[in-house]
Every structure is written in C-alpha cells, then in structure tokens.
Amino acid sequence: MATSVALVDSMASLSSDLFYDILRRLDGPTLASAACTCAAFCSISKEEKLWENVCSSMWPSTNREDVKSLISSIGGFRKFYADCFPLIVNKEVTENQWNNCPEYPEEWSEAEYYGDMDDFESISPSDFVSIVDIRYKDKTIYSKVLWGIPNANDIDGWFYNCPFRIDLLTDAARDDENDGGVTLSVSDGLPPVASMERERKDGKLWQELCDGLRLSWIVVNSKIKQAANLASWSPLGGQRHWPTDKDFVLRFGSVLPAKDILPCQVVECILRMKFRVIHTEGDGTQTTLKLTELSMQLEDMEGAHVYGRNSLLILKEALSCHRSKNYSEVLESCHLYSKVQSELKEEKIRNESRLDRLCILSGIAAFLMFWYYML
C-alpha cells in the first residue's frame with residue numbers, strides 16, 4: 001500500500017509534458033490500456049493529436065489533409081480508432097433460420113429482393129469513402145483513398161441493377177507488367193524463387209504472402225458519421241496459381257448483416273487481392289510480384305453477387321454492427337459462415353439430385369402408361 005502511495009506521489013510530481021511525451025510513443029492498444037491506469041494518463045490520452053499519430057502510423061492513408069478533415073467531421077481520431085481497430089463479428093450467423101430462405105430469386109417478392117425503397121433513397125454512393133492500406137511485414141506497400149463509388153452516379157441506370165463491385169486498380173496497372181505499379185520483391189522480404197515449377201512443389205512464396213500481407217479496408221459514411229474496417233487483417237483463404245500458374249489470389253473480408261434487406265439476412269464482403277509473378281531468379285533478376293487486383297464485392301449465401309442498391313443498404317448497416325478486438329472471434333464468425341454456406345450447397349445438390357430422379361421415374365411411368373394404352 002505504501003509503495004502504491006509513493007508511486008502516485010512521484011507521478012504527481014512529474015509534468016504533464018513528460019506524460020504526453022511518454023504516451024505519444026505508444027501504439028493504439030497500449031495507449032488505450034495506459035489511459036486506464038491513472039487519472040493523469042486518462043486525461044492526457046484524450047488528446048486528439050495522440051490518436052492522430054496512432055492512426056497515421058497504423059493507416060498511412062489517414063495522414064492526408066482531406067482524410068484528416070473527414071475524420072474530424074465524423075468525431076475525431078480517437079473515435080475513428082475505436083470504430084476501425086476492432087473487426088466486424090457477425091454473431092447472427094448461428095441464429096438465422098437458413099431453411100426459411102427462398103431457394104430461387106424468382107420466388108422473392110420485389111420488396112424482399114430490392115429492400116426498402118425509403119431507406120435506399122436516403123443513401124447516396126457519394127456518402128461512402130474507402131480508406132485502404134496494404135502492409136507487407138509491417139511495411140506499407142499501397143495506400144489509397146476513394147471518394148464515393150466509381151461510376152455510380154446514375155442510380156436509376158446500371159449501378160442500380162448490376163452486381164456491386166469496387167476495383168481500386170486501373171486496367172493499365174492490372175495488365176501492363178512493365179508498368180511500375182505496386183510490386184513486392186526480395187528486397188521487401190520475399191523469399192527468392194528459382195522457378196515457378198519449384199514454387200509449385202514447396203509453396204514457400206505462397207506461405208510468405210499469407211503470413212506477411214495485411215489489408216485494411218475502412219469504409220466511412222460521411223452522412224451518418226460512422227466508419228468500420230471491412231477487412232480481416234490477414235487472409236481468410238485464397239488460390240495458388242489461378243487463373244494462370246503465376247497468379248496468387250488472396251481473400252480477405254467479413255460477414256455483414258443484411259437483415260430486412262435480403263432473405264438470407266447475412267452476406268459475405270469479399271476483398272480480393274491478386275499478385276502476379278513477373279520475375280523469378282531464373283530470369284536473371286530478383287523475384288518480383290506485381291499487385292494486379294484489389295477489389296470489393298458482396299455475395300449472398302448462394303454465392304450470387306449483391307446488386308448496387310442492396311449493397312449500399314448493407315454497407316450502411318455494417319458500420320453500426322458488432323465488432324471485436326479478439327481475432328479468433330473474427331475468424332470463428334467467418335469460418336462459421338463458410339460452413340453454413342457449404343452445408344446449404346450440399347443440401348441443394350441433394351435436393352436437385354432427388355428432383356432429377358423423380359423426373360426420370362415420372363418419365364418412365366408416363367412411357368409405360370403410353371405403351372400400356374397403345375397395346
């Protein structure tokens with residue numbers, strides 16, 4: 001007890017400037033923990049500049065002046081960090097009654113399929129801002145801020161009735177291997193790859209990408225002043241050598257609520273990142289990969305793309321759903337969704353198989369009846 005009192009007395013004798021100098025060196029989680037230790041730290045930890053430094057370090061895109069203004073307008077950097085550091089966890093996956101979900105889109109009513117028109121009319125694509133950062137082994141390799149949703153101004157046109165998709169890379173950055181673009185090489189920490197044949201055998205490069213890449217895709221709605229990170233930090237899965245033997249596709253994302261928007265009540269936000277091997281050691285130069293795709297799309301439980309209008313409604317709802325700092329909880333939510341999705345697909349295949357058998361039996365019965373009456 002005496003030791004604690006002495007510690008408090010000694011801290012009281014220190015200047016607030018010294019406390020500030022200590023706290024400004026901390027990362028976000030440590031700063032939040034320090035704020036709970038004493039009144040002095042709690043008071044100083046409310047300084048916006050501390051949280052601005054934390055956000056700038058974690059998400060370099062927030063260091064832009066226009067993004068700083070945006071964050072200030074929605075509540076400041078402290079609130080922004082509290083909203084975007086935890087990841088989305090959808091605990092409603094286990095509570096949904098999947099068997100009540102209509103099997104085919106033609107069975108849905110217009111209200112079920114397109115959502116509530118009154119809610120939609122209050123949303124504009126220009127309300128949304130994407131703040132995106134990619135890190136590889138703690139080094140930022142890509143940052144971008146996207147204001148609004150590209151080519152979505154004509155709500156009554158294609159965007160309204162077409163699958164929702166945001167693609168952050170231009171065609172030139174995607175297709176031209178000689179263009180600079182975003183690259184990773186041995187100098188960034190990639191393992192040297194002698195040839196793609198060798199990589200197919202040991203998968204060392206693929207494993208390094210899965211372990212080293214981190215994606216943050218924050219979506220902000222400036223109208224309702226809310227923000228959330230739709231990524232999953234590390235990859236949830238992916239595909240090696242697809243669609244060519246030089247491509248690596250990594251999948252990030254989250255499970256988003258779609259209650260009262262779509263019949264199945266939850267959807268998957270899929271963030272795809274694709275790297276292409278453009279050089280190996282066998283080419284006489286160091287192993288180099290190029291980022292050729294970074295995109296977002298929403299898919300329902302049957303794997304169908306969600307259209308533009310419903311996607312805006314879902315994104316708006318996602319900004320206020322449950323979040324967690326526990327990454328294992330985030331993974332559990334995503335894996336549970338995948339499990340339920342697989343079970344639904346298997347059940348659909350079984351039902352289609354039974355229906356096919358019934359059709360065959362009905363055809364045989366009709367054939368036999370025809371010949372019976374003919375004879």
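Just so it is clear, none of the values below were taken in a lab; they were calculated from the coordinates. Keep in mind the model is a prediction, meaning the values are calculated, not measured. Glycine gets a Cβ as well: all are built from the backbone with ideal geometry, and neighbour counts include every protein chain shown.
General remarks:
- Sequence-distant residues sharing a close amide H with T292 (under 5 Å, placed H): K274, F275, R276
- Likely footprinting exposure, R240, R24, R78, fewest C-beta neighbours within 10 Å first: R24, R240, R78
- Among D138, D300, a tally of other beta-carbon atoms within 10 Å of each Cβ gives an order, fewest to most, of D138, D300.
- Residues of type lysines that K46 reaches as a straight line, Cα spacing below 23 Å, ignoring anything fewer than 8 places off in the same chain: K68, K79, K225, K325
- Here's the list of lysines a cross-link from K246 could span, going by alpha-carbon distance under 23 Å and ignoring same-chain residues fewer than 8 apart: K137, K201, K204, K274, K290.
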